[in-house]
Number of protein chains: 2
Amino acid sequence: MQYFMKTLNLDLGNKSYPIHIGQDLLTQADLLTQHIQGRQVMIVTNTTVAPLYLAKVKALLALFTVAEVILPDGEQYKTLDTVNEIFTALLTARFDRSCTLIALGGGVVGDMTGFAAASYQRGVNFIQIPTTLLSQVDSSVGGKTGVNHPLGKNMIGAFYQPKCVLIDVDTLDTLDDRQYSAGMAEVIKYGLLGNVDFLLDLQQNIDALMHRDKALIIKAVYQSCTDKANIVAQDELESGKRALLNFGHTFGHALENTLGYGTYLHGEAVSVGMLMAAELSALEGLINDEEVQQIKGLLQKAQLPVSINSKIDHQDFMNAMRVDKKAINGEIRLILMKKLGQAFIGNDYQQHNLEQVIKDFL
Amino acid sequence: MQYFMKTLNLDLGNKSYPIHIGQDLLTQADLLTQHIQGRQVMIVTNTTVAPLYLAKVKALLALFTVAEVILPDGEQYKTLDTVNEIFTALLTARFDRSCTLIALGGGVVGDMTGFAAASYQRGVNFIQIPTTLLSQVDSSVGGKTGVNHPLGKNMIGAFYQPKCVLIDVDTLDTLDDRQYSAGMAEVIKYGLLGNVDFLLDLQQNIDALMHRDKALIIKAVYQSCTDKANIVAQDELESGKRALLNFGHTFGHALENTLGYGTYLHGEAVSVGMLMAAELSALEGLINDEEVQQIKGLLQKAQLPVSINSKIDHQDFMNAMRVDKKAINGEIRLILMKKLGQAFIGNDYQQHNLEQVIKDFL
């Protein structure tokens with residue numbers, strides 16, 4: 001098989017790191033081991049991913065002292081208690097501050113492993129091997145790590161950069177269709193919010209992407225990571241521009257909140273949320289109806305929901321939007337579209353247009 | 001009363017902060033409030049300190065939304081679970097990422113509050129008001145925050161700098177004699193390891209210091225923080241020079257470990273440990289017996305232990321020294337004295353001299 005790889009180097013001064021994206025990367029020991037400084041390596045994964053890829057990753061680490069911790073799979077385990085299990089595993093193995101943690105799995109494994117790495121002995125090395133499309137395009141860039149608290153999602157964590165991200169798109173072979181589509185929602189988001197050329201590519205290639213054409217996936221993941229990196233670079237601590245990455249998310253979070261987490265996958269809620277944001281942009285006269293239909297068509301081709309099937313109370317939904325982390329003094333700040341491929345942080349939309357969108361969708 | 005204050009400005013680039021040291025500082029609202037950016041302030045303290053100083057600090061914050069969390073007192077509560085109580089308090093009060101945490105208490109409160117501040121919403125503001133002599137000279141500088149794990153002390157945490165440290169030496173009025181002496185052990189450490197002039201000052205003024213002469217305490221705390229800052233500045237991530245701060249600590253930790261934590265206060269164990277390090281230095285021919293006696297005399301005047309009253313097994317003690325965090329591949333790295341006021345990281349001492357010191361003390 002041809003060995004095909006693209007590398008994105010994130011320039012973050014002394015925190016710079018490469019993102020390698022390609023096929024068959026989990027057979028290339030050097031790619032991984034060149035980023036490991038000490039001798040001790042802890043692989044953190046979960047019960048779903050371990051049977052699929054743990055042995056493969058361990059085979060790359062023959063020269064190291066390797067230990068593993070296999071966590072239960074699911075967002076409900078993204079807690080401080082689970083991170084403590086990682087600490088217990090590290091201490092039981094007597095790993096010192098020269099050790100390296102490898103996150104092998106999706107976003108939940110990555111977020112927890114990153115936070116454990118940030119906090120173990122006040123910071124040890126960390127490498128990500130994301131195995132879902134969502135984590136490949138979302139968690140590879142930005143340094144966000146952390147866990148949920150019963151009173152709020154992602155409320156505990158750290159900004160902490162990995163030494164390297166290894167994205168083997170072959171791991172997507174074992175991802176189920178629904179999870180794959182949910183990841184594609186975030187890919188489409190990058191096109192919609194800031195890159196019209198990428199959006200046109202996606203429109204053209206969406207069918208092949210849904211058939212999991214690897215070369216196209218590599219390009220799409222590379223472009224998504226590049227776009228995210230450019231936005232994050234302009235705003236390392238989320239004071240302004242980074243908010244663009246929340247396109248569709250305020251609506252999406254409100255959907256997840258009112259329907260209960262787990263009804264929609266995150267990417268599915270974001271899909272509906274992006275369409276709601278597009279429709280509000282149209283009502284504000286920023287884009288036209290045809291453009292809204294284009295967005296809807298793309299999401300549908302990606303097997304993503306574009307409407308809400310459950311009954312949601314209008315007032316509950318508004319309240320959920322108001323408690324979003326990005327709300328300021330109860331004012332709902334939304335990301336709207338100026339045109340296709342160009343989003344902005346909109347605060348002065350007409351309230352009746354927002355009400356209209358919610359009425360149309362609920 | 002005369003308002004007397006010394007300020008040490010720590011230059012850490014965009015993480016710079018002042019340490020204000022003086023009397024009657026907890027009546028000066030401006031000193032505190034100028035370092036608070038948002039409107040929400042959470043005071044973290046414990047059941048011992050709250051009745052003494054919580055109302056006083058709250059009185060300085062009339063213009064802010066103030067909440068408090070009062071933790072149980074004691075090193076055994078320095079856990080991830082207790083830090084989670086701080087997160088719960090923050091989320092219950094609906095505090096956002098613009099909030100400020102104030103640590104009001106000793107080292108345990110400071111370490112946990114700092115880690116909570118580092119981790120809440122991936123980092124919020126943090127101010128320290130240390131109320132014990134040990135925390136005033138030890139926790140004010142260096143940015144170490146964290147908690148213990150059942151399998152190891154201080155194994156979980158972050159490097160995180162406060163916005164300001166407010167040291168009101170009047171809070172030492174309520175500190176019991178044993179705790180005060182234990183703090184003085186760390187003050188003496190700074191003289192011994194790197195500042196012979198300070199050591200001479202301490203020898204001259206130890207009686208007045210033990211009578212809690214406030215002007216002398218302010219000077220001693222200022223000098224200790226300055227010396228620590230200079231060492232830390234040369235070594236922000238503890239690769240080399242910072243190890244000097246562990247003078248007496250490898251012996252001290254082994255004492256705490258073999259006797260069980262709580263038999264000695266940390267400063268008391270360090271007192272014996274410093275004398276053991278001095279004796280080893282003498283056996284190595286680096287300092288003379290008279291200098292060892294000078295050190296012993298100073299520690300005794302500070303009401304600190306200079307010998308071990310309990311029975312400890314020689315082999316247990318050696319094992320405890322070998323598992324110290326600073327050991328490398330089981331080699332015991334010790335801080336020895338070249339001369340009074342000048343310590344260095346010693347690796348090539350004679351093993352039989354180390355055995356002799358342990359035999360003499362156990």
Quiz prompt | Qualifying positions in the range A:245-265 - at pLDDT 90 or above and among the aromatic types (Phe, Trp, Tyr) | solution = A:PHE247, A:PHE251, A:TYR264
Quiz item: Given A:LEU192, A:LEU166, which one is outside the structural domain of A:ALA229 (by TED's automatic domain parsing), crowded, with 24+ Cβ neighbours inside 10 Å and aliphatic (A, V, I, L, M)?
Solution: A:LEU166
Exercise. For residues that are within 10 Å of another protein chain (Cβ to nearest Cβ) and touching a residue at least 24 places away in the same chain (Cβ under 8 Å), scanning just the range A:64-85, find the one that is surrounded by the most Cβ atoms within 10 Å (Cβ to Cβ).
Key: A:VAL83
Exercise. Return yes when A:LYS241 is within 30 Å of B:GLN121 (Cβ to Cβ), without any contact (Cβ under 8 Å) to a residue 24 or more places away in the chain and not hydrophobic (A, V, I, L, M, F, W, C) and no when it is not.
Key: yes
Quiz item: Taking only pairs six or more apart or across chains, which ones have beta-carbon atoms under 6 Å, a first residue in the range A:259-275 that is closer than 16 Å to A:ASP313 by Cα, and a second residue that is in a helix (DSSP H, G or I)?
Solution: none
Quiz item: In the range B:89-118, how many residues are surrounded by 24 or more Cβ atoms within 10 Å (Cβ to Cβ) and free of Cβ contacts under 8 Å to residues at least 40 places away in the same chain?
Solution: 1
Quiz item: Mind checking which residues of the range A:144-159 are more than 9 Å from chain B (Cβ to nearest Cβ) and over 15 Å from the mean Cα position of the chain (by Cα)?
Solution: A:ASN148
Quiz item: Quick one: is A:LEU175 surrounded by fewer than 24 Cβ atoms within 10 Å (Cβ to Cβ) and either within 14 Å of chain B (Cβ to nearest Cβ) or free of Cβ contacts under 8 Å to residues at least 40 places away in the same chain (or both)?
Solution: no
Quiz prompt | helices (runs of 4 or more DSSP H) fully within the range B:1-117 counting 1 or more residues that are of a type in the set (Lys, Arg) | solution = B:55-59
Quiz item: All but one of (1) within 14 Å of another protein chain (Cβ to nearest Cβ); (2) surrounded by fewer than 21 Cβ atoms within 10 Å (Cβ to Cβ) hold for B:ASP24; which doesn't?
Solution: (1)
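Listed here are the residues, each with its yes/no results for (1) within 14 Å of chain B (Cβ to nearest Cβ); (2) under 25 Å from A:TYR180 (Cβ atoms).
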position	(1), (2)
A:PHE95	yes, no
A:CYS99	yes, no
A:LEU104	no, yes
A:GLY114	yes, yes
A:ILE129	no, yes
A:LEU134	no, yes
A:GLY142	yes, yes
Practice problem: Identify all residues within the range A:83-94 that are of a type in the set (S, T, N, Q) and farther than 16 Å from A:ALA158 by Cα; write none if there are none. | Solution: A:THR88, A:THR92
Quiz prompt | Index of the failed condition, B:PHE198 passing every other in (1) over 14 Å from B:CYS225 (Cα atoms); (2) more than 14 Å from chain A (Cβ to nearest Cβ); (3) surrounded by fewer than 24 Cβ atoms within 10 Å (Cβ to Cβ) | solution = (1)
Exercise. Could you look through the range A:272-295, keep only residues that are part of a helix (DSSP H, G or I) and open to solvent by 70 Å² or more (accessible area, probe 1.4 Å), and pick out the one that is farthest from A:TYR180 (Cα to Cα)?
Key: A:LEU283
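Residue by residue, here is whether (1) within 25 Å of the chain's Cα centre (by Cα); (2) in the same structural domain as A:GLY142 (by TED's automatic domain parsing); (3) at pLDDT 95 or above holds:
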position	(1), (2), (3)
A:GLN34	no, yes, yes
A:THR45	yes, yes, yes
A:ALA50	yes, yes, yes
A:GLN76	yes, yes, no
A:ILE86	yes, yes, yes
A:GLY107	yes, yes, yes
Quiz item: So, of the residues in the range A:315-333 that are open to solvent by less than 60 Å² (accessible area, probe 1.4 Å) and in a helix (DSSP H, G or I), which turns out to be modelled with the highest pLDDT?
Solution: A:PHE317
Quiz item: Any residue in the range B:135-145 that is farther than 27 Å from B:ASP227 by Cβ and in contact (Cβ under 8 Å) with a residue 24 or more places away in the chain?
Solution: no
Quiz item: Which of the residues spanning the range B:248-267 are within 29 Å of B:MET5 (Cβ to Cβ) and open to solvent by less than 50 Å² (accessible area, probe 1.4 Å)?
Solution: B:LEU265, B:GLY267
Quiz item: Just wondering, is there one or more residues in the range A:304-312 that are closer than 11 Å to A:ALA254 by Cα and at pLDDT below 95?
Solution: yes
Practice problem: For A:VAL124, state whether it is in the same structural domain as A:LEU32 (by TED's automatic domain parsing), hydrophobic (A, V, I, L, M, F, W, C) and closer than 21 Å to A:HIS253 by Cα. | Solution: no
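The values are calculated or read from the model by the stated rules, or taken from the named source; none is laboratory data. Every value quoted in this text rests on a predicted model; they were computed, and no experiment measured them. Glycine gets a Cβ as well: all are built from the backbone with ideal geometry, and neighbour counts include every protein chain shown. Ligands, DNA and RNA are excluded from the accessible area calculation, which covers all protein heavy atoms including side chains. Shrake-Rupley method; radii C 1.70, N 1.55, O 1.52, S 1.80 Å.
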